[in-house]
Amino acid sequence: MSLDKYFKRKSLEDEESIKASSHVTQSSSKKSHIEINPDTLLADPGLRRPIYEYHINDRDAIRRAYLQKGPCQPSHYDFPQKQFGNISTLRRFNPAWFGAYPTWLEYSIAKDAAFCLYCYLFKLKGGVDSFVGDGFSNWKKRERFDLHIGKSNSSHNAARIKCENLMNEKQSIMSLLSEQTVKSQSDYRTRSNASIECARFLLHQGLPFRGHDECECSSNQGNYLELLHFLSRNNEAIKRVTFSEAPKHNKLTSPDIQKDITQATAEEITNVIIKDLGESLFSILIDESRDISIKEQMTVVIRYVDNNGHIIERFLGIQHVSDTTASSLKAAIEALFSKHGLSISRLRGQGYDGASNMRGEFNGLKALILNSNPSAYYVHCFAHRLQLTLVAVTKKHNEVGDVFNFISSIINIVGASCKRMEVVREKQYARIIEGLENGEISSGRGLNQETSLRRYGDTRWGSHYITIIRLLAMFSSVLDVLEIIREDGMNSEQRTEAIVLTGIMESFNFVFMLHCLRRILAVTNELSQALQRKDQDIENAMSLLKTSKERFKLMRENDWESLLEEVSSFCIKHDIDILNMDDEYKLRGRSRRKSQGITNLHHFRYELFNNIIDIQLTELDDRFTETSMELLLCVACLSPNDSFSTFNKEKLIRLALFYPSEFSIVDLMVLGDQLDTYIIDLRGDDEFSGIEGIASLAEKMVKTKKNLIFPLVYMLIKLSLLLPVPTATVERVFSAMHIVKSRLRNKMGDKWMNDSLVVYIEKDIFNKIDNEAIMKRFQNMKTRREQL
């Protein structure tokens with residue numbers, strides 16, 4: 001389906017959505033009052049309702065919202081051509097016109113027409129203006145833009161002046177009627193600055209604002225008011241303007257003011273992100289999860305390459321979705337894109353987990369976006385797939401599954417009470433002290449800290465490895481607690497379970513499996529940690545995967561002796577019987593008559609150690625099928641490793657064919673010439689010797705200005721970096737969500753949670769935004785009682 005047809009169909013849905021989200025209340029006037037949420041306002045000028053259809057009390061708020069967003073200017077959109085007159089001359093909208101008329105010219109994708117933002121906001125009912133009603137689309141008459149502006153007394157300039165006065169509160173009627181002195185203005189600025197400082201601290205730390213009892217007689221009025229009191233106690237000026245001499249109607253301490261400051265801060269941060277993105281191409285990382293209120297929330301993260309060649313991943317927003325069907329998720333993405341002036345046509349990558357509603361070939365979110373934009377290639381999260389390989393091993397190998405079941409039972413019985421965990425900590429502490437005195441354990445900063453057993457989870461990356469590491473470190477302490485339970489258990493079931501688990505832990509088979517899995521999982525854990533980096537690129541990820549496979553193969557051939565020696569030493573230390581590898585293997589729980597007639601060496605080396613590695617390698621091959629995907633085979637040719645040893649001109653031209661919007665037929669011919677010069681130039685340049693990874697190549701090209709010399713080659717590099725590798729950034733957003741919206745803040749609204757998360761997550765941008773910018777946006781959001 002073409003974008004034009006899609007947006008025309010979407011216009012009806014958007015209008016119904018606005019009507020559904022509007023709350024109608026009866027008033028004394030003839031027209032009912034429709035309360036509009038500014039966040040639901042459509043960006044496309046061709047889909048907006050006329051300004052005069054809104055209630056008169058809401059119009060200024062709507063005008064402010066549109067003016068703060070700025071005109072809708074999708075300059076990266078592929079504008080359609082249309083024929084004029086009898087002559088077969090095709091013309092289209094020229095995006096250069098946005099630069100000529102940056103403050104008011106708008107373009108509607110839905111109607112393929114130009115509009116005027118100023119005239120839309122202040123056009124009264126009646127009158128004719130092609131830049132307001134159906135839009136202007138006669139592209140061969142560019143002079144109509146200047147005719148529309150007209151002379152100083154034209155209706156366009158009158159609307160422009162009204163817009164400027166609206167955003168300048170000092171020109172408002174309320175301001176002109178008030179007798180605000182210089183002193184009161186200064187006091188208001190000091191009061192605003194203090195309120196913003198309090199909000200900054202709480203937002204930065206992810207702390208709640210409100211208190212259970214905020215009355216003046218309360219001993220704890222909540223973090224916001226208590227922090228404001230703290231500032232006032234240490235600053236007489238703040239104390240005077242906020243409490244002593246502050247007008248009762250304008251103390252800037254109400255919950256609405258707190259939310260407005262948070263919204264203003266979040267919008268400033270988002271504007272920095274959108275400005276940094278500019279007209280660049282980008283990819284999206286998406287996942288959904290429930291918050292503490294059992295509401296389904298969808299997180300959207302954008303990935304792009306900035307002007308310095310760095311891979312950037314930024315949190316764009318979190319959207320509440322009524323259900324997790326692919327169509328609902330796509331509608332939420334479109335609403336978020338519309339809010340920030342983004343277009344699906346600029347997407348060049350999608351990164352999700354493996355859920356069917358995400359990656360479905362026909363009705364999944366991936367398929368729906370690909371229908372709108374075939375160049376938005378999907379990549380299944382690498383870290384998620386790596387975790388699935390481990391889960392598959394536990395299901396396919398019975399003894400691996402049994403070991404983790406035993407570990408789960410051990411953690412359950414040992415961690416069933418605080419008393420037992422306290423015994424574990426005391427035993428572990430005593431052993432650490434003894435080890436330090438004997439010189440068996442090294443001391444140093446950060447070493448030998450208090451630890452505890454940790455449960456593993458199939459969806460928690462790296463949790464299996466950490467569980468085994470901690471159990472091995474606390475092995476003796478856990479055995480001591482099981483011994484206590486054997487003697488003093490509350491009932492016979494607990495005592496019997498403790499006896500059984502003690503026997504399992506003191507078996508050579510269990511100890512061998514713990515050490516075997518620790519070595520195997522160490523490889524996958526290192527790979528998982530590397531894949532979760534924000535600046536990871538697809539080519540380097542495939543290289544890391546290949547390295548991990550090589551490590552498994554070397555481990556299979558060379559590590560058996562060292563593993564057996566490690567297990568034997570551990571058994572000697574903990575008084576566990578060591579099996580003779582030449583003896584016949586006796587399967588636990590079976591009679592000797594059903595013995596398989598194999599030796600311990602055959603069982604432990606070939607049926608366990610080698611077999612587990614073989615299953616792991618098979619799962620890696622099955623889960624990571626991109627090694628045979630043509631797109632990624634072409635991307636690999638961009639690698640600068642070993643002096644560009646994988647460079648292949650034909651494959652790189654083939655890679656350009658995957659992106660027809662970026663490479664025309666002429667560009668493809670020029671690209672071939674550029675590649676010939678590019679490879680000779682970079683191989684002979686010492687600046688590029690020893691570079692590893694496409695991400696480092698992009699940064700070095702920008703630093704040396706090679707991106708300007710070889711723009712088409714650099715475009716290929718950027719497109720390869722846009723392909724998403726992990727969705728770790730999305731998972732970090734959900735971790736932040738559980739901090740910001742906690743059990744005590746379970747009634748937090750979606751808007752406030754989104755704004756708080758934007759500030760909490762994007763702290764590096766937040767710390768660079770000064771109070772003045774936040775104060776100005778806060779002031780322009782609504783008509784305030786006082787002015788700066």
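What the table below lists for this structure:
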quantity	calculated
W139 accessible area, assembled protein chains, probe 1.4 Å, Å²	10 Å²
Unit charges on C-beta of K, R, D, E only; dipole of the range 294-352, Debye	120 debye
Prolate/oblate/rounded label for the chain (Cα gyration tensor, a/c 1.5)	oblate
Tensor-based shape of the range 336-413 (alpha-carbon gyration tensor, a/c under 1.5 rounded, otherwise prolate or oblate)	prolate
Cα lying deepest toward the dipole's positive end in the range 510-555, options S528, L514, M555, charges on Cβ	L514
In sequence order, calculated HN-Hα J values of the range 478-484 (Karplus, 6.51, -1.76, 1.60; Hz; x Gly/Pro)	5, 4, 5, 5, 4, 5, 5
Efficiency of FRET between N220 and H320 - r from beta-carbon atoms, R0 25 angstrom, step 0.05	0.20
Eligible lysines near K763 by straight Cα distance, threshold 24 Å, same-chain separation 8 or greater	K69, K259, K275, K339, K534, K741, K751, K776
Label-point gap, in nm, between N610 and E197 - each point 7 angstrom along Cα→Cβ	7.1 nm
Positive-end residue, the range 250-327 charge dipole about Cα centroid, Cβ charges, pick of L281, I261, V321	I261
Within the range 133-261: Cβ-based charge dipole about Cα centre, in debye rounded to nearest 20 (Lys, Arg +1; Asp, Glu -1)	640 debye
Of all accessible heavy-atom area on the chain, the percent that carbon and sulfur account for (1.4 Å)	50 percent
Contour excess over end-to-end distance, with Cα ends at S562 and E550 and 0.36 nm allotted per residue	2.5 nm
Extension reserve of the R785-K141 stretch, reckoned as 0.36 nm per residue once the Cα distance is removed	227.2 nm
Greater than 30 Å apart at Cα, pairs in K549/K718; K141/K330; K546/K700; K111/K706; K162/K248; K366/K546	K141/K330; K111/K706; K162/K248
Anisotropy class of the range 169-300 from Cα gyration tensor, a/c 1.5 cut	oblate
Estimated distance in nm for a label pair at R233 and N308, the labels positioned 7 Å out from Cα along Cα-to-Cβ	4.1 nm
Degrees between helix 560-573 axis and first principal axis of the chain (Cα, 0 to 90, nearest 10)	70 degrees
Disulfide-incompatible cysteines by the Cβ rule (no partner under 4.7 Å) in the chain	C72, C163, C198, C215, C217, C381, C418, C516, C571, C634, C637
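The values are calculated or read from the model by the stated rules, or taken from the named source; none is laboratory data. Being a predicted model, the structure only gives us computed values, none of them experimental. All Cβ positions, even for glycine, are placed from backbone atoms using ideal geometry, and neighbour counts span all protein chains on display. These area figures cover heavy atoms from the full protein model, side chains too; ligands, DNA and RNA do not enter into them. Shrake-Rupley method; radii C 1.70, N 1.55, O 1.52, S 1.80 Å.
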